[in-house]
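Below is one structure; the comments refer to it alone.
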Amino acid sequence: MERTPWSWWRVAAVVVAPVFGVTATAVVIFLLTGSPSLDSVRTAVYLGLLAGLAVALMIAAWHVWRLARSAAAHESDVTERRGSDAYARAADQLGSDKAPVRLAGLYALERLAQVDPAYRQTVVNVICSYLRMPYAPPEQAGDTIGDVAERGVRVAAQRILAAHLRPSEPNLFWPDVDIDLSGATLIDFVLANCRLRLATFDRAHFAGEISFAGTQVAGDARFGNARFVSRRAEFRNAWFAGRADFSGAGFAGDTDFGGMKVNGEALFAKAVFAGMADFSQAAFSAPAGFRTVMFVGRCEFAGAWFAAEADFSGSTFSKDATFNGVRFSAHVEALGAYFAAHCSFRGAYFTRNADLRAARFGGNVDFTESWFATTAMLDGGRVRVDVDRSLSIWPRGWAIREPRDDAEARLADRDGAWGYLVRVTSPEKPPVPAERGAPPNAP
């Protein structure tokens, strides 16, 4: 075997070190005593041998460390190469025109990410990319074998994501994962009790069973212009530490946001709720925007808490709207909002300004036991007067003025006869009730 310069150096060091040690020790003894004795020479030999042995041990230890480091680097290279090969094969399988092969590719990627955490975000990105590929929604897809098989592959991909995002399964949980399913078609998407870092579902199409109940998102959650065509979308007790953006989202069925917590901005501008929208006991720590929202079905905000500004300006409430016991800890605005049916603010608590100017009330209104830190602003409000108003209870200082003629009673965009809300007195400020504190579901 050919020796390298380093090998010759190590041999030379082991041989020369004892000789050098003996010689150096003898010289020192001679200088100190004038003539070396036999014991001194023997001592010098022992010390030289010990010095050589020490040098040899140091070189051997260094050599062993170097070999171990080289072996570890080689093993790491082999593992990385093996992982890269497995990833490449699985990715190729996803591109197959056969559903069983694509399904095998998904499970191969899952195994790779489970074994090697370095691949987890990459595997999640690949699965999300697959789900973002064009696919006809269930109500548009045909009944061909290919459509059914592809649906099965997609449902399996969704279940793989959900299985590894639940912290209740520590052996399977993949922490600090971002998912981007913008524009994806998702069928029976159940992401309940999961934990994510970032979640993006802009323009996504949800069908079948939809659930984000109990899910936690550490960063922003985006559902802008998403479409929920299922009979029910579940977000109960979900927690969004960052911004929750549902701007322009459409909900064809009932929606349950009960107990939801949002630490960042909550954006629902221009959203449409065709079924019942339940926000009872929801908690909003930052500004909440419900501007120009369409509540086609009944909406429920009972017991909700708005720690910052709340904006319902221009929103339409086509059926009963319930705000009983809501705590508005900052300015609330509903300029030009339209309440077509019964509207209840019973026991609501307005800590700052309550601005409902130019709002329109088509049914009974109930402000029983509501408390206003300042006088409620209902200037320019309109009330439908050709319906039974016997159950209406308005804030102190406000009354209805009947229209003077038919022209004044008409609204350009609404049927019926409409009167005006006018101030009748300058009410004394009611006593401040006992401090209620933050609701139990506050973030």
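When the Cα positions of Trp239, Thr255, Leu267 are compared along the charge dipole of region 160-293, Leu267 comes out farthest toward the positive end, with charges on each C-beta of Lys, Arg, Asp and Glu. Kirkwood hydrodynamic radius computed over region 269-358 comes to 12.6 Å, based on all pairs of distinct alpha carbons.
Take the alpha carbon gyration tensor of region 209-313, find the square roots of its eigenvalues, order them as a ≥ b ≥ c, and report rounded if a/c is under 1.5; if not, report prolate when a/b exceeds b/c, else oblate. Rounded is the answer for region 209-313, as its axis ratio a/c remains below 1.5. Within the straight-line cut-off of under 14 Å between alpha carbons, the aspartates and glutamates reachable from Lys319 are Asp254, Asp278, Glu300, sequence neighbours fewer than 8 places apart in one chain being disregarded. Placing a pseudo-label 7 Å from each Cα along the Cα-to-Cβ vector at Thr375 and Val115 gives an inter-label distance of 7.6 nm.
All of the numbers you see were taken from the coordinates with simple rules; none came from a lab. Just so it is clear, the structure is predicted and the values come from calculations on it, not from any experiment. So basically every Cβ, Gly included, is an ideal-geometry build from the backbone, and we count neighbours across all protein chains shown.
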